[in-house]
1. Hey, does region 8-17 have a residue that's in a helix (DSSP H, G or I), of a type outside the set (F, W, Y) and farther than 20 Å from R55 by Cβ?
2. Test P33 against the stated conditions and say whether it is at pLDDT below 75 and at negative phi.
3. Exactly one of (1) of a type in the set (V, I, T); (2) at pLDDT 85 or above; (3) surrounded by fewer than 10 Cβ atoms within 10 Å (Cβ to Cβ) is unmet by T66. Its number?
4. Of the residues in region 30-39, how many are exposed (fewer than 11 other Cβ atoms within 10 Å of the Cβ) and in a strand (DSSP E or B)?
5. Tally time: how many residues in region 1-33 are touching a helix residue (DSSP H, G or I) at 6+ places or on another chain (Cβ under 7 Å), touching a residue at least 12 places away in the same chain (Cβ under 8 Å) and among the hydrophobic types (A, V, I, L, M, F, W, C)?
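The values are calculated or read from the model by the stated rules, or taken from the named source; none is laboratory data. Just so you know, these numbers come straight off a predicted model, no measurement behind them. Note that we place each Cβ from the backbone using ideal geometry, even for glycine, and neighbour counts take in every protein chain shown.
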Amino acid sequence: MTKRKLMGRAEAATYLGIPARTVYALVRQGEIPAVRVGRVLRFDAAQLDAWRRRRTANAAEPEPATIEAPAVDARLAAERPFAERALVAILAEQREVRRVLVRVANRLAGGAR
């Protein structure tokens, strides 16, 4: 078994191409794998590579296309049973909520707007 040298905070920041403060913030959030040796954080290059691959794999999801629904005749809708009208309303709301959540997630991830 070979021993791998663990990197310090500054080395890990340079390795990832991010500021050292961001490294600390990501460790506190549980995003980046780190080992605490006494009061000092140490980072394994292989674990950082795996973290980077996972993060890249979870990159911004494309925003779903807007669904164009045909106009609804109020008289025909009123004739439908309540359960059917409620189901249609719930499904429409879920599509809208998902669209908004994907947009928010993409902005948080720094993806396309």
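1. yes
2. Spelling it out, it is not the case that P33 is at pLDDT below 75 and at negative phi.
3. (2)
4. As a first pass, look at region 30-39 and keep what is exposed (fewer than 11 other Cβ atoms within 10 Å of the Cβ): 30, 36-39.
So of that shortlist, the ones also in a strand (DSSP E or B) come out as 36-37.
Looking only at that region, the number is 2.
5. 5
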